[in-house]
Amino acid sequence: MELIFGLDVLNSTIRLSTPLLLAALAGLYSERAGIVDIGLEGKMLGAAFAAGAAAFTFNSAWAGLFAGVAVSIMLSMLHGFASITARGNQIVSGVAINFVVAGVAILLGQKWFGLGGRTPQLHGVERFREITMPGSEALRDVPVIGWLYSGILSGHAVLVYMAFLAVPVTWWILYRTRFGLRLRALGENPAAVDTAGISVTWGRYRALVVCGLLCGMAGAYLALGLSAGFVKDMTAGKGFIALAALIFAKWKPVNVMFAALLFGYLEALGIRMQGKVLPLIGEVPVTMIQALPYVLTVVLLAGFIGKAIPPKASGIPYVKER
Amino acid sequence: MKNELPKWADYILLPVINLTVAFIVAGMVVLMVGENPLEAAYILVRGAFGYGGGIAYTMYYATNFIFTGLSVAVAFHCGLFNIGSEGQAIIGALGVALAALTLDHLMPWWVIFPLAIVGSALFGAAWALIPAWLQAKRGSHIVITTIMFNFIASSVMVYALVEVLKPAGSMAPQTRTFEQAGQIPKLDWLFEVFGSGLQGAPLNLSFFLALIMAFLVWVLIWRTRFGYELRTTGTNPTAAVYAGIPPVRTIVITMLISGGLAGMMALNPVMGDQARIELDFTAGAGFVGIAVALMGRSHPLGIIFAAILFGMLYQGGAELSFDMPNISRDMIIAIQGLVILFAGALEHMFRPSLIRLFSRFGRSSDASLAEAA
Amino acid sequence: MADQSSKMAPAIELSGISKSFGPVQANKDIDLVVEKGTIHGIIGENGAGKSTLMSILYGFYHADSGTIRINGKEIKIPDSQAAIAAGIGMVHQHFMLVQNFSVLENVILGAEGGAILNQGIALAKAELQRLEDDYALDVDIDALIEDLPVGLQQRVEILKALFRGADILILDEPTGVLTPAEADHLFRIFEQLRDQGKTIILITHKLREIMAITDDVSVMRRGEMVATRKTAETNVEELAKLMVGRSVLLRVDKKQATPGDEKLVVKNLTVKDDRGVVMVDDVSFTIRAGEIVGIAGVAGNGQSELMEAISGITKPESGTILLDGKPIDVNGSADPAILRERGMAHVPEDRHHVGLVLPFAEKENSILGYQGDSAYTSGLFLQMDAIEADAKEKIDQYDIRPPDPGLKAGNFSGGNQQKIVLSREMERDPVVLLIGQPTRGVDVGAIEFIHRRIIEMRDSGKAVLLVSVELDEIRSLADRTLVMFAGKIVGERGPDASEGELGLLMAGINDSEKAGVEA
């Protein structure tokens, strides 16, 4: 029991869920506006590199976050240019961004720091450190509340709290603001938006800016929170797991949080189970646990547990005059 | 009325323009890391084609890319985007290993090789079957399912190597080394004819298999009834239904062929070079296949050229990283991305201006055509 | 607010509006005046340019030339926003609604009244309630669009326009998706709107609606405005004539038909579209060898669905079909490939999306549907030489130009594209030949050729089913004419039926009703 639901596992679940959550929310803004985003992985990687490099150079985690977000938004705009303005294939564009970033980040890293593509180890203010919540020491021994408050809620980097705060904020933006209403309409029926006298192009670019922002935060957290610097391939498919989480959540913000937590938990469990031998089961097939998010997503896509229906207009460039 | 380019411009000029832009941007990246792009290009080409061993390595890499490029292209012709060639290649290796590991003590290579071909194709095809079926029957987007299947494939491979195929007592996650009979012969003799040795390069018979497959894919697409049906489904699905072409069957068979081709890619590194399955033996060749297919405009001949170009980048890039320490092999990944960007996502960017250019200078030929019509 | 002069001015004044799409001139120098507080009908056949004209008025397309005056003031309408600001609202033929939004969300989209929805929503709810009360437009504002029947969805579109303060309301074929009862209700809403001072433009091809509801009517034909009348001072016959035009009647020399055995028997055929709407309603007819049966009707009355069901492209809801005396397994194995083998040839209405693969070469298109035939395929392989030789022969016979079997189908003119399809379907010695809109978008020169071929097919003993919205074509080719209206066959006429007679049937006025109108 302790092995599966212990404090360590739950704490690392929250930490590992954070980049998935931020990236999946980023994808949510993009896809609900009608732009398919296979490039989450690349944007996150680019942001992680920029964050690691800038945090080291300017000796500040916040400078790192800013740089990460800036790079991610730039990449998002490139995706926008290809898929909105040039009406290119959105999937091809996403794939391209993943590769360009994977290559260029390492080249620049090698050139600037000479560490084989890594950025230098970050210390102190160069990272986002754990925040101990007020009173968590005092409450530590109170049953249940102490376990929850001091054990799990307290002690994470600021980006973790921002990520989870982004869930209600996204929900509110999506369902309670003009921006959100138009964004959702863009993904379902851009012609309805166009005939209502609103620019489809402008609306989709704005959604991609938000996508870039959140993806940048995800990348920055990888380099400045979860690790102490950027290393090669540090996203390791997290962008695609985020995409899976987004699909698994049927493109809804609160569901995205639960999907990210589930996939984060599986990852935490996988790490925890490494080399463990359980009674009856024997040695735990860790790789199978790691593959579970993908398997679950395929099962969902197959329509065996509910149907994941993407926004209707996603992936199709909007053409007005025929 | 004329909204298109002459065939030669469409198949050659436009890709060349897109490619040139991709390489100009790549050159800018080289400048950014403080090296001379022209010098880098020279080292790269010399490393790839300057001596026998270099050429052999270039062709060795190209072999991988021909297989995966064909895999992506066949699916493209049917309107399907198979991002899953990587995973299908990984699973294909299990088919290769099945033949090699069970038979290499018993039979000569020329018996095992054909069996391994069939095994790799069957395993690769099987891995494409579920995404294909889900797309055809349930409308689950094949891009997403094949991405998921890539990750599942790597997990399956890790599991297979660590738990099943790893010889007892070994630490490395790989199979045992195949006996001589479980290896595909290298092409030393070919290079000796040209008075040069292979110098340890892994180029092997599967290069010819790749060329044969390219020819067979050409036959399939443009000379068979199924190819005709496949292209019709990919180009105009409503016309396909009108013509009595069943969409589900066509999509599934196309993806089986696509997966089979990707699976065969495993022959080259697994049986032709390393003589065992190592983790990560694909080295991203499945994804390079996307760039190769886009650049080769899904035509087997174009794919061969594009594959050789990427083979050159991989081999020359390796040499380049010796001579220019600031340029690692990651440069190749970046160039690959730039090619996908300019030859794929932004392929329409130059088309309108090119069409305008052609219609301005091509008036006379158009007029004669219109007259005839 | 409005001054005296603009009160007098008409709501809309268009002058000299022209618009082309590539080589197609959709609108030619159009003038139109719509008086305030009236219901103005614009009638014309499909492709007459009605929708294009209205899309220009709504800022969706840009006119190549011409001026627009609204309430006497000349304005420019560069986009839909400008049209909305000028008080114009439009209900498109295909609704511009977000399916998974609530009614309220759809109505406020683009007119939210602030960055945060809460502020606007309270006001919007009050305003919607007022509109619903004033115009009897009841609809649950919290319902999702996808849960509403099309009639209610249309009300949402009207509410959307009114909510934006529209004084001029354009409705493009609003009754196309409605049942007669729903249409009647819609007309009562129109009257209410007019009585409250709104101006309504009704685009339709249905004469009955024009007579029932409009004050004025303008007739469009082939991109031109051919007449404007007071509805009270005109009649169905005159409008039908104006719509169809007095174009030269292309009479084809043909002998009396000598019908033989029954080759195609359709019994009680019912077809639903994917939304579940009945498009073909209990249709029965028979075609014999050596006769041409024409199906006349205004486009969208079920002819297309009938053809698709007979050719095996879609599965009918119920009914039986006999081909050459033997039943077709309509719900099971029957697909276009099998039916072709049994002698069913099909020239589809839409050659661009169905009959041809435009990026393919001419010779590749010349085997579409017959790719499995032993003449073109041996084993797995296409017989390229045989295909090429066959294509050349057809190019010769049908005078297809340019005579190049390697040229992409998309590069041929409309008439030559149609000849590619015709040669493919006619030269296979079929038992039954289905032909949809044989001369749509075909240059005049090719029309006569195509008509002659169709007659030749008849004379060689084929059973021909001809669907066309061109009444002239039906009249000059068909030995018998069935008229389809709202999915049903409403009448059958012999070869010498008058244009007026068929026109009335096409408008859904059958014999008994016609007697009533004339009395």
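Tell me yes or no: at least one residue of segment B:117-139 is crowded, with 24+ Cβ neighbours inside 10 Å, assigned to a loop (DSSP other than H, G, I, E, B), within 12 Å of chain A (Cβ to nearest Cβ) and not β-branched (V, I, T).
no
Out of all the residues in segment B:142-165, which are surrounded by fewer than 24 Cβ atoms within 10 Å (Cβ to Cβ), more than 7 Å from chain A (Cβ to nearest Cβ) and of a type in the set (G, A, S)?
Matches in segment B:142-165: B:S154, B:A160.
Look through A:L243, A:L292, A:L262 and report the one residue that is modelled with pLDDT under 95, under 22 Å from A:V100 (Cα atoms) and either within 19 Å of the chain's Cα centre (by Cα) or among the basic types (K, R) (or both).
Answer to the selection: A:L243.
Just checking, how many residues over segment A:105-138 are of a type in the set (A, V, I, L, M), in contact (Cβ under 8 Å) with a residue 12 or more places away in the chain and within 14 Å of chain B (Cβ to nearest Cβ)?
3
Show the residue pairs that are 6+ apart or on different chains and have beta-carbon atoms under 8 Å apart, the first residue being within segment C:266-277 and assigned by TED's automatic domain parsing to the domain that holds C:I489 and surrounded by fewer than 15 Cβ atoms within 10 Å (Cβ to Cβ), the second being in a strand (DSSP E or B) and of a type in the set (D, E).
Within 8 Å, the pairs are C:N268/C:D282.
C:I435: assigned to a helix (DSSP H, G or I), among the β-branched types (V, I, T) and surrounded by 15 or more Cβ atoms within 10 Å (Cβ to Cβ), yes or no?
Spelling it out, it is not the case that C:I435 is assigned to a helix (DSSP H, G or I), among the β-branched types (V, I, T) and surrounded by 15 or more Cβ atoms within 10 Å (Cβ to Cβ).
Report, ordered by the first and then the second residue, all pairs with beta carbons closer than 7 Å, sequence separation of six or more or different chains, a first member in segment A:184-204 that is more than 7 Å from chain C (Cβ to nearest Cβ) and polar (S, T, N, Q), and a second member that is surrounded by 23 or more Cβ atoms within 10 Å (Cβ to Cβ) and in a helix (DSSP H, G or I).
Between residues of segment A:184-204 that are more than 7 Å from chain C (Cβ to nearest Cβ) and polar (S, T, N, Q) and residues that are surrounded by 23 or more Cβ atoms within 10 Å (Cβ to Cβ) and in a helix (DSSP H, G or I), the close pairs are A:T201/A:I84.
Among the helices (runs of 4 or more DSSP H) lying completely within segment A:1-93, list those that include at least 1 residues that are over 23 Å from A:Y161 (Cβ atoms) and without any contact (Cβ under 8 Å) to a residue 12 or more places away in the chain.
A:2-5, A:40-58
Pull up segment C:40-78, narrow it to residues that are of a type in the set (D, E) and either outside the structural domain of C:I88 (by TED's automatic domain parsing) or in contact (Cβ under 8 Å) with a residue 40 or more places away in the chain (or both), then point me to the one that is nearest to C:R440 (Cα to Cα).
C:E45
Which of the residues spanning segment C:341-361 are within 12 Å of chain B (Cβ to nearest Cβ) and more than 27 Å from the chain's Cα centre (by Cα)?
Result: C:E341, C:R342, C:F360, C:A361.
Matching residues to (1) touching a helix residue (DSSP H, G or I) at 6+ places or on another chain (Cβ under 9 Å); (2) in a helix (DSSP H, G or I); (3) closer than 13 Å to C:Q303 by Cβ:
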residue: C:G445; (1), (2), (3): yes, yes, no
residue: C:F449; (1), (2), (3): yes, yes, no
residue: C:R452; (1), (2), (3): no, yes, no
residue: C:I455; (1), (2), (3): yes, yes, no
residue: C:R458; (1), (2), (3): yes, yes, no
residue: C:V464; (1), (2), (3): yes, no, no
residue: C:V469; (1), (2), (3): yes, no, yes
residue: C:D472; (1), (2), (3): yes, yes, no
residue: C:V490; (1), (2), (3): yes, no, yes
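For segment C:5-34, which positions are closer than 24 Å to C:A166 by Cα and modelled with pLDDT under 85?
C:S5, C:S6, C:K7, C:M8
Conditions: (1) more than 9 Å from every other protein chain (Cβ to nearest Cβ); (2) within 19 Å of A:K43 (Cβ to Cβ); (3) modelled with pLDDT under 95; (4) under 19 Å from the mean Cα position of the chain (by Cα). A:A163 meets all but one. Number of the miss?
Among (1) more than 9 Å from every other protein chain (Cβ to nearest Cβ); (2) within 19 Å of A:K43 (Cβ to Cβ); (3) modelled with pLDDT under 95; (4) under 19 Å from the mean Cα position of the chain (by Cα), A:A163 violates only (3).
Go through (1) away from chain B (no Cβ under 14 Å); (2) under 22 Å from C:R440 (Cα atoms) for C:M307 and report which single condition fails.
C:M307 satisfies all of (1) away from chain B (no Cβ under 14 Å); (2) under 22 Å from C:R440 (Cα atoms) except (1).
Among the residues that make up segment C:238-245, is at least one of them out of contact with any Lys or Arg (no Cβ under 9 Å at 6 or more places or on another chain), surrounded by fewer than 21 Cβ atoms within 10 Å (Cβ to Cβ) and modelled with pLDDT under 90?
For segment C:238-245, residues out of contact with any Lys or Arg (no Cβ under 9 Å at 6 or more places or on another chain), surrounded by fewer than 21 Cβ atoms within 10 Å (Cβ to Cβ) and modelled with pLDDT under 90: present.
Name the residues in segment B:173-210 that are touching an Asp or Glu at 6+ places or on another chain (Cβ under 8 Å), surrounded by fewer than 19 Cβ atoms within 10 Å (Cβ to Cβ) and at pLDDT below 85, would you?
Across segment B:173-210, the qualifying residue is only B:G197.
Which condition breaks for A:F230 when tested against (1) among the hydrophobic types (A, V, I, L, M, F, W, C); (2) within 29 Å of A:W202 (Cα to Cα); (3) in a loop (DSSP other than H, G, I, E, B)?
Failing condition for A:F230: (2).
Hey, could you check segment A:129-174 for residues that are under 16 Å from A:A218 (Cα atoms) and among the small types (G, A, S) and say which is surrounded by the fewest Cβ atoms within 10 Å (Cβ to Cβ)?
Top of the filtered list is A:A157.
Listed here are the residues, each with its yes/no results for (1) of a type in the set (S, T, N, Q); (2) farther than 29 Å from C:K36 by Cα; (3) under 30 Å from the mean Cα position of the chain (by Cα).
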residue	(1), (2), (3)
C:E105	no, yes, no
C:A111	no, no, no
C:A122	no, yes, no
C:D134	no, no, no
C:L144	no, yes, yes
C:V156	no, no, yes
C:A166	no, no, yes
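Could you list, in sequence order, the residues of segment C:192-208 that are surrounded by fewer than 21 Cβ atoms within 10 Å (Cβ to Cβ) and either in the same structural domain as C:G297 (by TED's automatic domain parsing) or touching a residue at least 60 places away in the same chain (Cβ under 8 Å) (or both)?
Of everything in segment C:192-208, those that are surrounded by fewer than 21 Cβ atoms within 10 Å (Cβ to Cβ) and either in the same structural domain as C:G297 (by TED's automatic domain parsing) or touching a residue at least 60 places away in the same chain (Cβ under 8 Å) (or both) turn out to be C:R194, C:Q196, C:G197, C:R208.
Going by what's in this entry, would C:I108 be described as touching a strand residue (DSSP E or B) at 6+ places or on another chain (Cβ under 9 Å) and not charged (D, E, K, R)?
No.
Among the helices (runs of 4 or more DSSP H) confined wholly to segment A:233-322, which include 3 or more residues that are at the interface with chain B (Cβ under 10 Å from one of its Cβ atoms)?
Where helices (runs of 4 or more DSSP H) fall fully within segment A:233-322 and carry at least 3 residues being at the interface with chain B (Cβ under 10 Å from one of its Cβ atoms), they are A:238-248, A:286-301.
Tell me which helices (runs of 4 or more DSSP H) are completely within segment B:221-334 and hold 3 or more residues being within 14 Å of chain C (Cβ to nearest Cβ), or say none if there are none.
B:225-235, B:237-242, B:247-264
Conditions tested, residue by residue: (1) among the acidic types (D, E); (2) buried (at least 20 other Cβ atoms within 10 Å of the Cβ); (3) in contact with a strand residue (DSSP E or B) (Cβ under 6 Å, 6 or more places away or on another chain).
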position	(1), (2), (3)
C:F412	no, yes, no
C:R424	no, yes, no
C:P430	no, yes, yes
C:V464	no, yes, yes
C:M484	no, yes, yes
C:P495	no, no, no
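The values are calculated or read from the model by the stated rules, or taken from the named source; none is laboratory data. As the structure is a prediction and not an experimental result, all values here were calculated from the model. Note that each Cβ is placed from the backbone with ideal geometry, even for glycine, and that neighbours are counted across all protein chains shown.
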